[in-house]
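The values are calculated or read from the model by the stated rules, or taken from the named source; none is laboratory data. Everything numeric in this text was worked out from a predicted model, so none of it was measured. We place every Cβ from the backbone using ideal geometry, glycine too, and count neighbours over all the protein chains shown. To get the accessible areas, we keep the full protein, side chains included, count just its heavy atoms, and leave off ligands, DNA and RNA. Shrake-Rupley method; radii C 1.70, N 1.55, O 1.52, S 1.80 Å.
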Amino acid sequence: MTKESGNKSTLGITANKKDNFSDWYTQVIQKAELIDYSDVSGCMVLRPYSYEIWETIVAYLDPKFKEKGVKNAYFPLLIPEKLLNKEKDHIEGFAPEVAWVTHGGNSKLPERLAIRPTSETIMYNSYAKWIRSYRDLPLLINQWCNVVRWEFKHPVPFLRTREFLWQEGHCVHATHDECHKFVLEILDIYEEICHNLLAIPVFKGTKSEKEKFAGALTTTSIETFFPNGKAIQVATSHNLGDHFAKAFNVKFMDKDEQLKPAWQNSWGITTRSIGIMIGMHGDNKGLIIPPKIAPIQAVIIPIHNDENKKEILTAAENLKKQLKGIRIHIDDTDNRPGWKYNQWEMKGVPIRIELGPKDLEKKSALVVRRDTGTKEPIPLEKIKELLEQKLEEIQENLFQIADKRIKESVQNIETKEEFLQVIKEKKIAYALWCGQKDCEEILKDESGGAKSLNIPFNQKKPNKNCIFCNKEAEFYAYFAKSY
Ligand code: 86X
């Protein structure tokens, strides 16, 4: 994807989403005023229109975490090198992505400081000091912050950026089972926000040995599938076992007076979720933002001439007051109505309300749905109720369209040949699998880059063989090419 030069917000989308998803995405995020590029490659400006989406995600999740007893805290941005290196598995493979602060002004620092790529090390260093006995557990902490990972792959706004916003939850429990239960409950919350707010259907499950976080016992994830035929991970929740506890000395005196390493989990969701929402919905006119997450849920376009301008604008203001509780914007700029229709369609506003003298005469307004394009005059008397209903319908419709598309992309396969064919067709393969790392390496290689997405929970061990290596199969798993 490339920056569009001279992207005037007055121009519509020229790329076809189906044929050229990447250009479509690049145009839409800039023209809809979601992001701007900065002078540092991979670091993007979240403009108000996308930051508001992030705020809604935060406002949804934060109370859900708090309901579970999680408290927010804030740990330093800078991590001393020796702390970062304390847990070897976790740093392995990631080391080339760490960004370092080496100087303060002109003086070289005695020890370089990492800009946090994730905060396990700095948080668990504190946890070791805070936790003494079983009475201090569970310790449930989350932080909302930014992180930096100096990736060298081509940056894509929201989806792959060097700096991004996220929440990272880091909890400590006295038992493995309690710890694991928490991991799964958090994953449920992630699934829920995808379903309820972002209208993103997801696959929920356990990551394979190859794809899990190296520092974890098990990694669970939710994954989804883009219209361009690529899968993408939306969020993860890790059971860290007692791995970090041993490295960072997070130990507690249990009731039986034994000193034990504690059980830990970590979990996160990022601004990538905004990019996934954008790519998931939308069409050749531009964005389609699900109503629950839309900064503007309905835009009122006053239709007037110089004479009746005041009257129509007053009516628009009154209508906005009447619709209190729905996020309304009145476009009273002096652009032409048709231009405004295109503009707000491009920005993905779920509903447009046209309000002109003829509508007022009939005590109604013309309501247009962004997802279906259907137009309907609605009596002003009942407009609030009917709009709320329409917003619900749009929300549900967007989820259903995505869900249908994704379900149609999943192919149950029984042979390696079928697998290769399905991957070539940019679909998702669902297959019996052994789950082994070396097997995954081979299938990735032979398919030109397909990976396992995840392994659905609660499967009975099949009495069959792996379709790839013919060893005993452990479960069914989803495979596709991914971001
Ligand atoms: C893995 C693990 C975990 C808390 C989450 O996925 C959710 C929230 N953290 C993150 N990870 C790294 O540990 C990591 C470490 C370094 Cl040093 C790095 F440069 C990049 C990393 N990327 C991911």
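For the condition open to solvent by 20 Å² or more (accessible area, probe 1.4 Å) and of a type in the set (A, V, I, L, M), what is the one hit in LEU432, LEU420?
Only one candidate passes the filter, namely LEU420.
Which one of these does ASN228 not meet: (1) more than 15 Å from the ligand (Cβ to nearest atom); (2) open to solvent by 20 Å² or more (accessible area, probe 1.4 Å); (3) not in a loop (DSSP other than H, G, I, E, B)?
ASN228 satisfies every listed condition except (3).
Taking MET280 as meeting all but one of (1) without any contact (Cβ under 8 Å) to a residue 24 or more places away in the chain; (2) buried (at least 22 other Cβ atoms within 10 Å of the Cβ); (3) not basic (Lys, Arg), write down the number of the exception.
Status for MET280: all satisfied but (1).
In this structure, does THR206 turn out to be open to solvent by 30 Å² or more (accessible area, probe 1.4 Å) and touching a residue at least 60 places away in the same chain (Cβ under 8 Å)?
yes
For the range 440-483, name all the residues that are open to solvent by 80 Å² or more (accessible area, probe 1.4 Å) and on the phi > 0 side of the Ramachandran plot.
Within the range 440-483, ASN458, ASN470 meet the criteria.
Of the numbered conditions (1) over 26 Å from the mean Cα position of the chain (by Cα); (2) at pLDDT 95 or above, ASP306 fails exactly one; give the number of that condition.
Of (1) over 26 Å from the mean Cα position of the chain (by Cα); (2) at pLDDT 95 or above, only one is false for ASP306: (2).
Could you identify the single residue in LYS358, LYS416, LYS340, LYS427 that is out of contact with any strand residue (DSSP E or B) (no Cβ under 8 Å at 6 or more places or on another chain), touching a residue at least 24 places away in the same chain (Cβ under 8 Å) and basic (Lys, Arg)?
When all the criteria are applied, what remains is LYS416.
Can you tell me which condition LYS212 does not meet? The list is (1) touching a helix residue (DSSP H, G or I) at 6+ places or on another chain (Cβ under 8 Å); (2) surrounded by fewer than 24 Cβ atoms within 10 Å (Cβ to Cβ), and all the others hold.
The single condition LYS212 does not satisfy is (1).
For the range 80-105, give me each residue that is open to solvent by less than 40 Å² (accessible area, probe 1.4 Å) and within 26 Å of GLU211 (Cα to Cα).
Those that are open to solvent by less than 40 Å² (accessible area, probe 1.4 Å) and within 26 Å of GLU211 (Cα to Cα): LEU83, LEU84, GLU87, HIS90, ILE91, VAL98, ALA99.
Here's the yes/no breakdown for (1) in contact with a Pro (Cβ under 9 Å, 6 or more places away or on another chain); (2) β-branched (Val, Ile, Thr); (3) crowded, with 16+ Cβ neighbours inside 10 Å:
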| position | (1), (2), (3) |
| --- | --- |
| TRP150 | yes, no, no |
| LEU165 | no, no, yes |
| HIS170 | no, no, yes |
| ALA174 | yes, no, yes |
| CYS179 | yes, no, yes |
